[in-house]
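J.: Have a look at this one.
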Amino acid sequence: MLDKIKIGNRYIGEGEKTFIVAELSANHLQDYGRAEQIVYAAKEAGADAVKLQTYTADTITLDCDNEYFQITQGTIWDGTTCHKLFSEAYTPWEWQPKLMKLANDLGMECFSSPFDFTAVDFMEEMKMPAYKVASFEIRDIPLIRKIAGLGKPIILATGIAYLEDIERAVKTCREAGNEQIILLKCTSTYPTPYEDMNIRVIPNMAEVFDCMTGLSDHSMGSSVAVASVALGARMVEKHLTLSRADGGPDGAFSIEPAEFKQMVDEIRIVEKALGKVTYELTDKQEKSREEGRSLFVVKDIKAGELFTEENMRSIRPAFGIAPMYYDEVLGKKAKTDIERGTPLDWKHIDLG
């Protein structure tokens with residue numbers, strides 16, 4: 001596995017912050033001004049990148065109303081046809097260079113999901129720094145082969161993939177000489193019930209495929225995305241809309257700017273908390289050890305008197321002998337007079 005993968009000016013991987021992607025999808029509602037607003041909102045919310053989708057209704061499906069093109073899979077889009085849905089959802093290609101420039105000017109990266117060869121060629125003209133293969137395209141090996149051959153990072157969503165589908169896609173990338181692979185755990189139901197997320201797959205997928213892994217999240221809220229980072233997700237992708245109430249094909253499972261910002265903030269907190277594997281103590285922890293337990297004299301003791309359960313106890317704070325020596329001290333004689341409240345020291349004890 002590569003330790004790091006570079007997308008544009010940002011590194012993803014070991015020692016780097018989680019790469020957080022705002023998916024524009026269809027949330028522009030065919031309004032370019034709204035698309036720009038979402039890019040600005042992504043920046044304000046702390047996203048590292050904006051992702052687009054590059055297709056037209058005619059490049060992704062066929063304008064046909066027979067039974068095969070009716071959407072009837074129990075989705076939020078049931079009742080329409082593929083062509084009608086994608087005619088509403090697509091992002092006009094002439095917008096995309098402008099949106100990419102805006103994202104770059106704001107300090108974010110911008111890349112897209114192509115859905116056919118013409119989209120890949122168009123993205124190459126824009127010099128996009130990475131390619132995302134959508135869940136429903138993971139079985140399109142010729143498309144993956146073409147993308148992988150460009151030598152840029154390739155992000156594979158696994159939402160409808162069996163294990164063998166992932167194996168085939170990863171193998172195709174590697175046969176093309178491309179090791180810059182990021183696998184995204186994804187569940188292609190919209191929105192995704194929490195019990196169907198199975199994000200424990202994220203570290204397992206990293207181990208099985210020796211790839212960097214992340215999450216493409218269609219669940220509501222930020223909890224799943226935040227938890228995925230604790231499990232090793234290096235990239236988190238989430239759909240962003242200005243307001244779910246505005247509707248649109250993807251509005252129902254998108255999050256709003258304030259929610260996106262909360263997610264980013266919580267991920268950054270988790271990153272700090274994860275830290276590293278260490279049993280060393282911080283300076284503050286070292287100081288806090290003084291508030292631990294130790295052996296104290298709790299009744300005045302005369303020289304020659306025995307240490308007993310009545311005149312010696314393990315109490316806080318920790319300025320005396322460690323409590324693990326309690327049994328060793330018990331029954332020994334005091335060398336000197338000792339006043340109540342004195343932390344016990346070896347100099348007080350006759351060890352002869």
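J.: It is to be established whether one or more residues within the stretch 18-37 are closer than 20 Å to S216 by Cβ, of a type outside the set (S, T, N, Q) and either open to solvent by 40 Å² or more (accessible area, probe 1.4 Å) or in a helix (DSSP H, G or I) (or both).
T.: First pass over the stretch 18-37, keeping only residues closer than 20 Å to S216 by Cβ: 18-28.
With the extra rule that they be of a type outside the set (S, T, N, Q), the set shrinks to 19-24, 26, 28.
Now restrict to residues that are either open to solvent by 40 Å² or more (accessible area, probe 1.4 Å) or in a helix (DSSP H, G or I) (or both): none.
No: the stretch 18-37 contains no residue that is closer than 20 Å to S216 by Cβ, of a type outside the set (S, T, N, Q) and either open to solvent by 40 Å² or more (accessible area, probe 1.4 Å) or in a helix (DSSP H, G or I) (or both).
J.: Within the stretch 239-275, which residues are surrounded by 19 or more Cβ atoms within 10 Å (Cβ to Cβ) and within 12 Å of G46 (Cβ to Cβ)?
T.: L240, P257, F260, M263, V264, I267, listed by residue number.
J.: Can we say L52 is in contact with a Ser or Thr (Cβ under 6 Å, 6 or more places away or on another chain) and either open to solvent by less than 50 Å² (accessible area, probe 1.4 Å) or farther than 25 Å from L143 by Cβ (or both)?
T.: Here the answer is yes, as L52 does meet what is asked.
J.: Related question: If you scan the stretch 2-20, which residues turn out to be under 14 Å from the mean Cα position of the chain (by Cα) and either free of Cβ contacts under 8 Å to residues at least 40 places away in the same chain or under 19 Å from N178 (Cα atoms) (or both)?
T.: Let us first name the residues in the stretch 2-20 that are under 14 Å from the mean Cα position of the chain (by Cα), namely 12-20.
Scanning the stretch 2-20 gives I12, G13, E14, G15.
J.: To continue, here is another question. Of the conditions (1) more than 19 Å from V50 (Cα to Cα); (2) open to solvent by less than 30 Å² (accessible area, probe 1.4 Å); (3) touching a strand residue (DSSP E or B) at 6+ places or on another chain (Cβ under 8 Å), T187 clears all except one; give me its number.
T.: Evaluating T187 over (1) more than 19 Å from V50 (Cα to Cα); (2) open to solvent by less than 30 Å² (accessible area, probe 1.4 Å); (3) touching a strand residue (DSSP E or B) at 6+ places or on another chain (Cβ under 8 Å) leaves (3) as the failure.
J.: A further question on this structure: Is there a residue being in contact with a Cys (Cβ under 6 Å, 6 or more places away or on another chain), modelled with pLDDT of 95 or more and in a loop (DSSP other than H, G, I, E, B) anywhere in the stretch 61-72?
T.: Yes, the stretch 61-72 has at least one match.
J.: Under 22 Å from A26 (Cα atoms), of a type outside the set (S, T, N, Q) and assigned to a loop (DSSP other than H, G, I, E, B): does that describe I155? Step through it out loud before you land on a result.
T.: Values: under 22 Å from A26 (Cα atoms): yes; of a type outside the set (S, T, N, Q): yes; assigned to a loop (DSSP other than H, G, I, E, B): no.
So I155 fails the test.
J.: Next question. Which of the residues spanning the stretch 21-52 are of a type in the set (A, V, I, L, M, F, W, C) and farther than 19 Å from V133 by Cβ? So that I can check it myself, show each step before the final result.
T.: The initial filter retains those residues of the stretch 21-52 that are of a type in the set (A, V, I, L, M, F, W, C), namely 21-22, 24, 26, 29, 35, 38-39, 41-42, 45, 47, 49-50, 52.
Selection gives L29, A35, I38, V39, A41, A42, A45, A47.
J.: Inspect all residues belonging to the stretch 60-79 and state whether any of them is under 29 Å from N104 (Cβ atoms) and either touching a residue at least 40 places away in the same chain (Cβ under 8 Å) or open to solvent by 50 Å² or more (accessible area, probe 1.4 Å) (or both).
T.: The answer is yes, given that some residue of the stretch 60-79 is under 29 Å from N104 (Cβ atoms) and either touching a residue at least 40 places away in the same chain (Cβ under 8 Å) or open to solvent by 50 Å² or more (accessible area, probe 1.4 Å) (or both).
J.: Let me ask something else about it. Kindly indicate whether any position in the stretch 299-313 is buried (at least 16 other Cβ atoms within 10 Å of the Cβ) and assigned to a loop (DSSP other than H, G, I, E, B).
T.: For the stretch 299-313, residues buried (at least 16 other Cβ atoms within 10 Å of the Cβ) and assigned to a loop (DSSP other than H, G, I, E, B): present.
J.: If you check every pair at least six apart or on different chains, which have Cβ atoms under 8 Å apart with a residue in the stretch 263-289 that is of a type in the set (A, V, I, L, M, F, W, C) first and a residue that is open to solvent by 70 Å² or more (accessible area, probe 1.4 Å) and in a helix (DSSP H, G or I) second?
T.: Listed by first residue and then by second, the contacts come to L281/R289.
J.: Could you tell me whether the stretch 127-150 includes any residue that is within 17 Å of the chain's Cα centre (by Cα) and open to solvent by 50 Å² or more (accessible area, probe 1.4 Å)?
T.: no
The values are calculated or read from the model by the stated rules, or taken from the named source; none is laboratory data. All of these numbers come straight from a predicted model, not from anything done at the bench. As a convention, Cβ positions derive from the backbone with ideal geometry for all residues, glycine included, and neighbour counts pool all protein chains shown. In case anyone asks, the SASA skips ligands and DNA or RNA and just uses the protein heavy atoms, side chains included. Shrake-Rupley method; radii C 1.70, N 1.55, O 1.52, S 1.80 Å.
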